[in-house]
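Colleague: Below are the structure tokens for one structure; questions will follow.
The values are calculated or read from the model by the stated rules, or taken from the named source; none is laboratory data. Since we're looking at a predicted model, the values are computed, not measured. When we count neighbours, we look across all protein chains shown, and the Cβ atoms used for this are built from the backbone with ideal geometry, even at glycine. All accessible areas refer to the heavy atoms of the entire protein, side chains included, with ligands and DNA or RNA removed. Shrake-Rupley method; radii C 1.70, N 1.55, O 1.52, S 1.80 Å.
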Amino acid sequence: MQKKPGAIWVMGEITGGKLVEVTLELLGKARELVVRGGGSSTSAVLLGNETGPLAAELIEHGADQVISVEDPRLGLYQNDTYALVLEGLVKKHRPEIVLFGATRYGSELSATVAARLKTGLSAHCIDLKINDRKEFVQVVPAFGGKVYSDIYCPEARPQMASVKPGMFSKPEKDTARTGTVLKENAAILDSYQSPLRVLRVVQKQQAELPLERAETVVVGGWGVGPDMWPILDQIAGELKGAVGCTRPALDEGWTKGEHTMIGTSGKTVRPHVYMGFGVSGSAHHTVGMKDSGVIININNDPEAPVFKVSDYKVVADAKRFLPVLLKKIREHKKG
Ligand SMILES: Cc1cc2nc3c(=O)[nH]c(=O)nc-3n(C[C@H](O)[C@H](O)[C@H](O)COP(=O)(O)OP(=O)(O)OC[C@H]3O[C@@H](n4cnc5c(N)ncnc54)[C@H](O)[C@@H]3O)c2cc1C
């Protein structure tokens with residue numbers, strides 16, 4: 001007789017006392033995986049101190065059960081203490097699958113816990129499925145983003161995956177949903193002396209419009225070279241948008257930082273208009289922008305893969321095209 005699968009867990013992430021969106025997105029996906037036979041039920045794990053109404057919010061968004069550990073030592077996220085507590089919970093309850101948001105918090109915590117449990121972790125997944133054989137399929141871009149590959153974890157348990165924010169839609173809140181709250185404790189920390197002490201969390205103030213909130217995103221890839229970034233900035237400014245980049249542009253130091261990178265290991269954007277310059281269209285990048293409203297790309301290679309996900313393609317030298325575009329936008333605005 002085939003063994004009944006365990007529960008699917010979603011690790012709840014809290015920032016500033018609130019659940020982060022990706023936690024709720026993952027709950028929606030976890031429910032879908034349960035329906036497909038990948039797990040017996042959906043549980044959310046909540047570690048913290050005075051988490052108040054968050055358990056109810058998790059249930060309203062799809063958790064059948066919330067496993068809650070409230071302890072002053074968990075008031076602020078610390079990798080070592082959180083990993084110890086989560087490892088203990090996994091060993092006790094034996095979930096089938098554990099899902100994390102591929103945020104800084106989730107990426108670090110999932111890797112630590114997977115290593116401690118000696119199980120597999122698929123990081124930065126772009127999709128999760130249960131196939132006809134009831135196997136858990138974790139989809140990641142591979143070979144420099146040229147293909148999507150399916151990852152399986154046939155033996156070790158739990159199967160663990162982290163997923164980028166914005167990959168799945170957030171389920172509708174259902175205030176009529178009911179679920180249970182299982183209170184656990186952090187006694188495992190009694191015999192542990194952490195070498196770290198987190199005093200407080202300071203939120204960095206962002207002067208510019210965050211990329212994910214911009215209605216127009218102007219993106220520079222490796223093909224624009226080092227000198228065009230002030231022009232990209234000015235175009236974004238004229239259009240009240242924001243500038244994004246690809247990994248090579250970030251690595252070259254041409255951009256304002258990691259918070260501007262779009263793709264598997266960066267942000268997911270869905271602006272009304274995405275305008276890419278010198279971007280080849282690797283899956284590592286396109287997963288983060290493919291759901292934009294109108295996609296326009298400028299590339300000097302007529303066969304560039306990015307044109308396959310574009311509504312408008314312009315075959316041109318971006319370095320010559322950009323100054324002309326800026327001039328035209330300004331002329332148009334003057335009327
Ligand atoms: C694990 C992993 C995670 C990754 N995560 C990300 C991620 O989150 N985001 C990301 O972007 N990448 C990511 N990458 C890298 C990704 O695979 C690609 O290498 C990258 O997206 C390519 O960036 P690009 O298009 O700027 O550069 P290239 O692939 O080098 O393309 C440059 C393009 O510019 C065009 N071009 C050249 N000169 C001109 C010109 N004068 N005018 C117009 N066009 C021109 C070329 O025809 C080409 O199409 C990741 C890779 C790995 C392995």
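Colleague: Do any trypsin sites (Lys or Arg not before Pro) in the stretch 131-165 lie in a DSSP loop with no more than 10 other beta carbon atoms within 10 Å, and if so, which? Don't jump to the answer; show the numbers that get you there.
Modeller: Details: sites: Arg133, Lys134, Lys146; in loops: Arg133, Lys134, Lys146.
In loop regions of the stretch 131-165 (DSSP not H, G, I, E or B), the sparsely surrounded trypsin sites (Lys or Arg not before Pro) are Arg133.
Colleague: Search the structure for amide H atoms under 5 Å from the amide H of Gly288, placed 1.01 Å from N in the peptide plane, and list their residues when 5 or more places away or on another chain.
Modeller: Amide H neighbours of Gly288: Gly263, Thr264.
Colleague: So, one more: Helix 79-93: angle to the longest alpha-carbon principal axis of the chain, degrees 0 to 90, nearest 10?
Modeller: On a 0 to 90 degree scale, this one is about 50.
Colleague: Could you give the distance between the Cα centres of the stretch 269-335 and the stretch 1-47, to the whole Å?
Modeller: So the separation of the two Cα centres works out to 37 Å.
Colleague: Say each of Ala176 and Thr15 gets a label point 7 Å from the Cα, pointing the same way as Cα to Cβ; how far apart are those two points in nm?
Modeller: Output for this residue pair reads 3.4 nm.
Colleague: Same structure, new question: With a cut-off of 8 Å between alpha carbons and a minimum separation of six or more residues, what is the relative contact order of the stretch 8-191 in percent?
Modeller: 29
Colleague: On to the next question. Where does helix 104-117 land angle-wise versus the long Cα axis of the chain, in degrees 0 to 90, nearest 10?
Modeller: 40
Colleague: Of Ser282, Ile298, Leu250, which is farthest towards the positive pole of the stretch 211-334's charge dipole, taken about the Cα centre with +1 and -1 on the beta-carbons of Lys, Arg and Asp, Glu respectively?
Modeller: Positive-most Cα among the choices belongs to Ile298.
Colleague: Using only Cα atoms and rounding to the nearest 10 degrees, what angle (0 to 90) does helix 21-35 make with the longest principal axis of the chain?
Modeller: That works out to roughly 60 degrees.
Colleague: Considering amide H positions built from the backbone, and no H for Pro or chain starts, which residues 5 or more places from Ile67, or on another chain, come under 5 Å of its amide H?
Modeller: Ala44, Val45, Leu46, Leu182
Colleague: Another question, then. For the chain, which longest stretch is free of loop sites, where a loop site is one of the chymotrypsin sites (Phe, Trp or Tyr not before Pro) that DSSP puts outside H, G, I, E and B and that has at most 16 other Cβ atoms within 10 Å?
Modeller: 193-335
Colleague: For the stretch 211-334, with only Lys/Arg (+1) and Asp/Glu (-1) charged at the beta-carbon, what is the dipole magnitude about the Cα centre, in debye rounded to 20? Could you put the intermediate results ahead of the total?
Modeller: Values: 16 positive and 14 negative charges, 83 e Å.
Value, rounded to 20: 400 debye.
Colleague: Tell me which of Val198, Asn185, Pro226 sits at the most positive position along the dipole axis of the stretch 133-235, charges placed on C-beta atoms (Lys, Arg +1; Asp, Glu -1).
Modeller: Toward the positive end, the furthest listed residue is Asn185.
Colleague: Of the accessible area of the chain, with the probe set at 1.4 angstrom, what percent is carbon plus sulfur? Can you show the working numbers first?
Modeller: Working: 9060 of 17340 Å².
Roughly 52 percent of what the probe reaches on the chain is carbon or sulfur.
Colleague: Can you grab the distance from the C-alpha centre of the stretch 51-80 to the C-alpha centre of the stretch 133-173, Å, no decimals?
Modeller: So the two Cα centres are separated by 24 Å.
Colleague: Kindly report the accessible area of the chain per residue (heavy atoms of protein chains, probe 1.4 Å, no ligands, DNA or RNA), in Å². Before the final figure, lay out the partial values.
Modeller: Details: 17340 Å² over 335 residues.
Accessible area per residue: 52 Å².
Colleague: Relative to the Cα centre, what is the charge dipole magnitude of the chain, using +1 at the beta carbon of each Lys and Arg, -1 at the beta carbon of each Asp and Glu, and rounding to the nearest 20 debye?
Modeller: 220
Colleague: Roughly how many nanometres apart are two label points built 7 Å out from the Cα toward the Cβ at Glu108 and Asp317?
Modeller: Calculated label separation equals 4.6 nm.
Colleague: Next up: Between Val324, Val66, Val137, which gets the highest mean-square fluctuation from a Gaussian network model of the chain, Cα cutoff 10 Å?
Modeller: In the Gaussian network model the winner is Val324.
Colleague: With runs of 4+ DSSP H residues as the only contributors, calculate the mean residue ellipticity of the chain at 222 nm using -39,500 (n - 2.57) per run, divided by the residue total and rounded to the nearest 500.
Modeller: Estimated from H runs of four or more residues: -8000 deg cm²/dmol.
Colleague: Sort Ile126, Ile97 from largest to smallest accessible area, using a 1.4 Å probe on the heavy atoms of the protein chains.
Modeller: If we order Ile126, Ile97 from most to least accessible, we get Ile126, Ile97.
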